[in-house]
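For reference, the structure is listed below as structure tokens.
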Amino acid sequence: MTVDSSAARKPRRSAAGRAGTTGTKRTTPRTTKQTGDPQLVQLLTPEGKRVKHAEYDAYVDGITPDELRGLYRDMVLTRRFDAEATALQRQGELGLWASLLGQEAAQIGSGRALHDDDYVFPTYREHGVAWCRGVDPTNLLGMFRGVNNGGWDPTTNNFHLYTIVIGSQTLHATGYAMGVTMDSADSAVIAYFGDGASSQGDVAEAFTFSAVYNAPVVFFCQNNQWAISEPTERQSRVPLYQRAQGYGFPGVRVDGNDVLACLAVTKWALERARTGAGPTLVEAYTYRMGAHTTSDDPTKYRADEEREAWEAKDPILRLRRYLEASNHADDGFFAELENESEALGRRVREAVRSMPDPDHFAIFENVYADGHALVDEERAQFAAYQASFATESDSGIAAGEGA
């Protein structure tokens, strides 16, 4: 679907060692510094303690208790929706599902940093960002159920359709951002991708063009450390954020399990883009606590100890500890949210199971703008094929009645 960059002018409504062979399960967990690591921007420790940062504190110092509770609510509801989707796939209601379990802080923090007239180019795992942009969760599930090709109009929420081709959306984002510049708009563009996609040629090309044209784009890489079964250290000799140096724009590594840090760093990067300072690479260092997709078995290639170590850094638990220690939320708030979460799960399940079957002939629409003889021929052949099922069924019934 073609996206018009003039949508950016809409008024704002709000402001080192190599790993073992691929497929071989790890026997020891990898260790990476977090607290105290000078490379990692962190504002909230895994224990829920607020720490100061000279450069990024200004972007969250004015945050209110109500806004903090809102971030917590976003993460909880996104995780509940994600869990329901996983269950639906296991029960045969979805063809596939890509879980975001463990990546809620990276997505909600960055998603809430966006302005309404900013434009988002996601991959296929940005369910939390879609939530922040107001996309109905059931639309996401319709695509994975095979009843639609996305289910939402990208121009309504400035949230593009999910992109399955790994890394290609970074080029789309760069081209759109170049158009924003030509339109003299003051909005920004953000492209989401993973550590695996960072090795794709499309991403390298997007980095080149965005730098040369000083495009107002933020490249937001969720480094969940596993490109299916391939660990990050088998893709890069340096931390991913350092790759930006070779293209001439800044890169920042942020604690991807810290929603406040992700909010602050993304605000900073988007501000740079809007004010003409060009692109930024943000590496949100996080962890995929579940499978790559529901067709994957992570127990075959990574150690349980590694997953357990990261579960202790859970982004939702981290913010809850901070809310409780700061007296910003009480038992009533958490109980009410639990009820809301269960209601969301029921709504999603009912909506998915009541989705109508798709129009089989919709695949022939929008292939060519003015139609095409070959498509017409294929449509006719497919119609005959579909009709054959009804004919065979009718014949069988007639034969049975005669007997």
task = Determine, for the chain, the count of lysine pairs separated by eight or more sequence positions (or lying on different chains) whose alpha-carbon distance falls under 21 Å.
result = 8
message = I'd like to compare 100-113, 269-282: which one has the highest average count of other Cβ atoms within 10 Å, and what's the full order after that?
response = 100-113, 269-282
message = Can you sort MET143, MET75 by solvent-accessible area, 1.4 Å probe, largest first?
response = MET143, MET75
request  = May I ask you to order 196-203, 294-301, 82-89, 218-225 by the average number of other C-beta atoms within 10 Å around their residues, highest value first?
outcome  = 218-225, 82-89, 196-203, 294-301
ask   = Working out 0.36 nm times the residue gap between GLU350 and GLU271, then minus their Cα-Cα distance, what length gain in nm do you get to one decimal?
value = 24.4 nm
ask   = So what is the relative contact order of segment 186-261, in percent, for Cα pairs below 8 Å that sit 6 or more residues apart?
value = 32 percent
message = Run through segment 48-79 and list the trypsin sites (Lys or Arg not before Pro) located in a DSSP loop whose Cβ has at most 10 other Cβ atoms within 10 Å.
response = LYS52
task = Order the peptides 354-362, 54-62 from the highest to the lowest mean number of other Cβ atoms within 10 Å of their residues.
result = 54-62, 354-362
note = With ASN148 itself left out, Lys, Arg at +1 and Asp, Glu at -1 over residues whose Cβ is under 12 Å from its Cβ give -3
ask   = Using the beta-carbon distance between GLN245 and ALA380 and R0 = 51 Å, what value does 1/(1 + (r/R0)^6) give for FRET efficiency, to the nearest 0.05?
value = 0.35
key: Two-site label geometry, THR155 and ASN339: point separation in nm, points 7 Å out along Cα→Cβ   = 4.2 nm
Simple label model, 7 Å out from Cα along Cβ direction - LYS49 to THR64, nm = 3.0 nm
note = Surrounding charge for PHE364, neighbours by C-beta under 12 angstrom, Lys/Arg +1, Asp/Glu -1, total -4
key: Centre separation in Å (Cα based) which lies between segment 155-196 and segment 276-353   = 25 Å
query = Which value, in debye to the nearest 20, gives the size of the charge dipole of the chain about its Cα centre, when Lys and Arg are +1 and Asp and Glu are -1 at the Cβ?
reply = 1480 debye
key: Helix-only mean residue ellipticity at 222 nm for the chain, each DSSP H run of n ≥ 4 adding -39500 (n - 2.57), per residue, nearest 500   = -13500 deg cm²/dmol
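The values are calculated or read from the model by the stated rules, or taken from the named source; none is laboratory data. Everything quoted here is computed from the prediction, not taken from an experiment. So basically every Cβ, Gly included, is an ideal-geometry build from the backbone, and we count neighbours across all protein chains shown. Note: areas computed on protein heavy atoms with side chains; ligands, DNA, RNA excluded. Shrake-Rupley method; radii C 1.70, N 1.55, O 1.52, S 1.80 Å.
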